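> My questions all concern the structure below.
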Amino acid sequence: MPDRSIDRRSFLQMVGLGGTALGVGLTAPHVIAETARGVIVESESEYGPLPVEKLTDGTFPYECDPEVLRAMKESANVFSRNVYDPVRRASLETQEDMSHVHLVENKGKTPNQTRLDWAFMSAAWKWAGSREAYLWEGGGGMMGGGSSALMNMGHWDPADIDMTWEEASLAVRHASLFYGASLVGVAELNRLWLYADHHSPSAEDRARAIPVLDEGDRFEKTDDAWYIPSSMNRVIALAFEEDYYGIANSPGRLASAATGDGYSRMALTASTIAAFLRALGYRALPAGNGVGLSIPMAVDAGLGQVGRMGLLMTPKYGPRVRIAKVITDMPLVPTAPIDFGVTEFCEVCMLCADDCPSGTVTKGPRTWEGPSRSNNPGTLKWFAEPEKCYDFNGFSCSNCKRVCPFNKPNNSWLHRMIRQGIEGRIKTADRAMVGLDQASGYGQQLEAREFWSMDGEKSITAREKM
Ligand code: SF4
Ligand code: SF4
């Protein structure tokens, strides 16, 4: 028999823990330079073509006012208000009615609104609201019995197999990519990003919200409160790429299909990662938009920064992502936050504000508070007005993402500009370059008919050249 055994170092190298990676793995970043706050690195697998500054000195790429910043109430966000706030409900119902009337009256023939487009969109959302998703307990499938046995074995200790916690944390990040995430990072959980209350749209009393409490070691949800203990002090932040051509159809049903597909994958992947952590003996709370604010958690975990449109901007996909998270007591090693010049770029760019049909995205400077009841004051940023977005049929619009230069694959001028900015050679984005890109055709709406007749490589290449 040939000897097929391999030593540990060779194995770690094979699975990417030793600096190289296979398939969906993470490659070790290439360090370009040191800075006062950390290091400038490149890593195609994590950051795509853009260099980023990893903030290893404990700072974050945003400013907070501790006197003002408080945990936001879920009942104050626009999703919840759409359920119980009579003004919001009236607005949303009118909009839904209008969409469906439009579909029926035109027998599904209107361009970008055909029955084919609607069916495609509807199916993409299938798993987004699955009752099996985001459960607070439960193991894996198929091997259910084995899963219970695993969960009853106490905490897994990586030292048992001669692994450090750093290597174990990388293994969990690899598993997250394997289960379907496009990007993954880990942060120490800032409890200010957890919601202060929980609002259930299905509750009989639609305005009723219950508090989220930290009481000893209690981890459970009851009818009167949710209990999340402070021992659950890590968050695994997950980003899911939305289809480039679907978003390019915005405002249209294919853009909503790209969004729905992101939500469906969020539910499957976050719940699967939670089952994995439980099988290792740890607590895990998977969540999509619920439980807490996904964007600051993702920023803390090094997935990106917040841009003018108020969304997470990642170096690899720009704003074209959806976010989920898993909160756990597994002592994972955090990944560093990053800065790749988004704030400076957005100060000049303004494209999302120019192309927002509802006036949701501000053209003004960053502020400490926003104009809406659904904004949470205490962070210096561009506040959006989410009500306006919804009122412009927000489920099919992603114009802001479509036009953003960070959304564009293989954007060579942006790559050069970010590199020069991050290395301190220029201070801001070049507005002329942004305009030139638009003039060349990038960011225009892709008609649904064009999407359906795309000729594989030919069409994709043509559009990417825009
Ligand atoms: S989705 Fe559309 S309406 Fe909403 S902020 Fe973006 S561009 Fe504006
Ligand atoms: S479109 Fe321009 S201003 Fe808006 S988020 Fe993207 S880079 Fe920033």
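The values are calculated or read from the model by the stated rules, or taken from the named source; none is laboratory data. Only a predicted model underlies this, so the values are computations on that prediction, with no experimental measurement involved. Using ideal geometry, Cβ is built from the backbone for each residue, glycine included, and neighbour counts are taken over all protein chains shown. Please note that ligands, DNA and RNA were not included when accessible areas were found on the heavy atoms of the full protein model with its side chains. Shrake-Rupley method; radii C 1.70, N 1.55, O 1.52, S 1.80 Å.
> Tell me, please, whether a residue that is part of a helix (DSSP H, G or I) and at pLDDT below 95 can be found in segment 299-314.
no
> Turning to a different aspect of this structure: Of these, S230, S202, which one is within 26 Å of N375 (Cα to Cα), open to solvent by 30 Å² or more (accessible area, probe 1.4 Å), in a loop (DSSP other than H, G, I, E, B) and at pLDDT 95 or above?
S230
> Residue check: is E188 open to solvent by 60 Å² or more (accessible area, probe 1.4 Å) and in contact with a strand residue (DSSP E or B) (Cβ under 7 Å, 6 or more places away or on another chain)?
Here the answer is yes, as E188 does meet what is asked.
> Give the residue, chosen from E220, E137, that is in contact with a strand residue (DSSP E or B) (Cβ under 6 Å, 6 or more places away or on another chain) and open to solvent by 20 Å² or more (accessible area, probe 1.4 Å).
Step by step, each of E220, E137 is checked, and only E220 is in contact with a strand residue (DSSP E or B) (Cβ under 6 Å, 6 or more places away or on another chain) and open to solvent by 20 Å² or more (accessible area, probe 1.4 Å).
Okay, residues lined up against (1) over 19 Å from the mean Cα position of the chain (by Cα); (2) within 15 Å of ligand 1 (Cβ to nearest atom); (3) open to solvent by less than 40 Å² (accessible area, probe 1.4 Å); (4) of a type outside the set (G, A, S):
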| residue | (1), (2), (3), (4) |
| --- | --- |
| K363 | yes, yes, no, yes |
| T367 | yes, no, no, yes |
| S372 | yes, yes, yes, no |
| L380 | yes, no, yes, yes |
| F383 | no, yes, yes, yes |
| C389 | no, yes, no, yes |
| C397 | no, yes, yes, yes |
| C400 | no, yes, yes, yes |
| V403 | no, yes, yes, yes |
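> Output the helices (runs of 4 or more DSSP H) that fall wholly within segment 345-409 and possess 3 or more residues being more than 11 Å from ligand 2 (Cβ to nearest atom), or say none.
Because the criterion is at least 3 residues that are more than 11 Å from ligand 2 (Cβ to nearest atom), the helices (runs of 4 or more DSSP H) in segment 345-409 that meet it are 386-391.
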